[in-house]
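Participant: One structure coming up, written as structure tokens, with questions to follow.
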Amino acid sequence: MKTGVNPIVYIVHHVDTEGPLCESVLETFKRIEEIIGISIPLLPTKNNLIKLQKGDVDFLRPDEIEKMKVIISPHLLEYKSSWYEVDEMLFRILIADFRNKYKDSFGNGWIYNWHIMDHAGFKTNPRHRDMGYLNIYDHYMEIFSQSEDCQVDAVEWHFHPIHYKRQANLYATSYENSSWELNQVLCRRLIEKNYFPLVNRAGFHTERPDSNWFLEQWIPFDASNQSIENDDYCSNARFGDWAGAPHDWSIYHPDIYDWRKIGRCNRYIARVLNLKTRFRNITIDEIRKAFSKARREQCSVYLGVTDHDFREISVEIEEFYKMLLEVSKEYGDVDFSFARSIDAFRNVIGITGQEEKIDLDFKIEENLLQLDIISGEPFGPQPFLAIKTKSGKYLHDNLDFGKFKQEYYYTFDVYTVPLDEIASVKIACNDKYGNQCIKTII
């Protein structure tokens, strides 16, 4: 067992937590055609899918065959298509016996960061997702409540922007086009679950100016950078393009206009690579890069990996851990520690815990709400306001500003929501250190 005198590489496992996923053979064939840009002259049957997996075809170039075999590798197509299958996996991987098969330098077992999303705002659902606000969140909270072993884990934020067609299997990037659903998810979690996010994982690994600006208002930590050297996965900078962002495992502040550039924004972005998927995977060389940085600079390093709960997570952990142990043996003067994302960010950045924590006070006089910051400073320009009406509507609104980052006001009247129509009001406020203040106003 290590004493903690060596630099530490923090291993942070981010699970994009989306619930069950189905994909028919027909849809798999369509996806291959879209990704590679080909037409498959075969009927979409299981037998023909097996042929494609083996590369037993004569209508593709060798490089296209190799790319196709990665896309449809058996592991990637073995989806957890029901909650029964997801739960069976969870009950295996959440227990201490499983976690403790994978020990860090300090003898501690595996830790998960569950980035839970809501599938909401869609009109069609070809992949049979669990649709509805709080459905996946509530399911996981019930699972976690059944085991004390889950207390070491963290629950964090994940959001998929809504496509124009409101079809749940189509990628999109625009937060502006998804602002209603985005605020619905945040308001419902805050009002009903007393939850507000501290760490973001970008949906589809993708950020754009609108999501960059949204995150900069509310969420201080962002585990989304997938920059790698010689990234040839996406053409024309589509989906998950992080070209130009640091790829040496540095944490950085982004630029206000280009989230990939080092800039003067407030939030911190960490690098996170994929586990056993078809692109931007963690490799043994990438692990070496993190350990080498820790040794060379005598500093702590954030090494993030990510996957999904609709695939077999245990296989992905096993493969990664073998590489991790091999590298760890090469760097006896560097420790590694499994961590919650918030703890890894704090430790790598150098947040001591002695900083003044955010807190606020409030009062309502007649129909006027006044908020006063009594310690610390909000991360963004204002706290987050969530309102639930007696008719069951969830609403978010801006506050009115007094002294910047010190005083805020909100008037309940015909121009907003009259007090007699309100069932609940809550305020959430993060600070730049990852401290959080949530207040129930009504």
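Participant: Mind counting the residues in the stretch 173-187 that are more than 16 Å from the chain's Cα centre (by Cα) and either crowded, with 21+ Cβ neighbours inside 10 Å or in a loop (DSSP other than H, G, I, E, B) (or both)?
Facilitator: Summing the residues that are more than 16 Å from the chain's Cα centre (by Cα) and either crowded, with 21+ Cβ neighbours inside 10 Å or in a loop (DSSP other than H, G, I, E, B) (or both) in the stretch 173-187 gives 4.
Participant: For the structure I just gave you, tell me whether Ile162 is part of a loop (DSSP other than H, G, I, E, B), crowded, with 19+ Cβ neighbours inside 10 Å, within 21 Å of the chain's Cα centre (by Cα) and among the β-branched types (Val, Ile, Thr).
Facilitator: Criteria met by Ile162.
Participant: Taking Leu395, is it among the hydrophobic types (A, V, I, L, M, F, W, C), surrounded by 14 or more Cβ atoms within 10 Å (Cβ to Cβ), touching a strand residue (DSSP E or B) at 6+ places or on another chain (Cβ under 8 Å) and free of Cβ contacts under 8 Å to residues at least 40 places away in the same chain?
Facilitator: So Leu395 fails the test.
Participant: Being surrounded by fewer than 23 Cβ atoms within 10 Å (Cβ to Cβ), modelled with pLDDT of 95 or more and in a loop (DSSP other than H, G, I, E, B) is the requirement here; does Arg260 meet it?
Facilitator: Yes, satisfied.
Participant: If you take the residues of the stretch 1-42 that are assigned by TED's automatic domain parsing to the domain that holds Asn169 and in contact with a Gly (Cβ under 7 Å, 6 or more places away or on another chain), which of them is surrounded by the most Cβ atoms within 10 Å (Cβ to Cβ)?
Facilitator: Restricting to residues being assigned by TED's automatic domain parsing to the domain that holds Asn169 and in contact with a Gly (Cβ under 7 Å, 6 or more places away or on another chain), the top hit is Val12.
Participant: Only residues that are at negative phi and surrounded by fewer than 17 Cβ atoms within 10 Å (Cβ to Cβ): list them for the stretch 379-392, please.
Facilitator: Pro381, Thr389, Lys390, Ser391
Participant: Can you tell me which of (1) part of a loop (DSSP other than H, G, I, E, B); (2) touching a residue at least 24 places away in the same chain (Cβ under 8 Å) is the one Gly332 doesn't meet?
Facilitator: (2)
Participant: Here is a follow-up. Name, by its number, the condition in (1) over 30 Å from Gly107 (Cα atoms); (2) of a type outside the set (Lys, Arg); (3) more than 24 Å from the chain's Cα centre (by Cα); (4) surrounded by 14 or more Cβ atoms within 10 Å (Cβ to Cβ) that does not hold for Ile427.
Facilitator: Unmet for Ile427, out of (1) over 30 Å from Gly107 (Cα atoms); (2) of a type outside the set (Lys, Arg); (3) more than 24 Å from the chain's Cα centre (by Cα); (4) surrounded by 14 or more Cβ atoms within 10 Å (Cβ to Cβ): (3).
Participant: Let me ask something else about it. Within the stretch 168-175, identify whether any single residue is aliphatic (A, V, I, L, M), out of contact with any helix residue (DSSP H, G or I) (no Cβ under 7 Å at 6 or more places or on another chain) and free of Cβ contacts under 8 Å to residues at least 12 places away in the same chain, and answer yes or no.
Facilitator: yes
The values are calculated or read from the model by the stated rules, or taken from the named source; none is laboratory data. All figures in this text were calculated on a predicted structure; none of them were measured in a lab. Glycine gets a Cβ as well: all are built from the backbone with ideal geometry, and neighbour counts include every protein chain shown.
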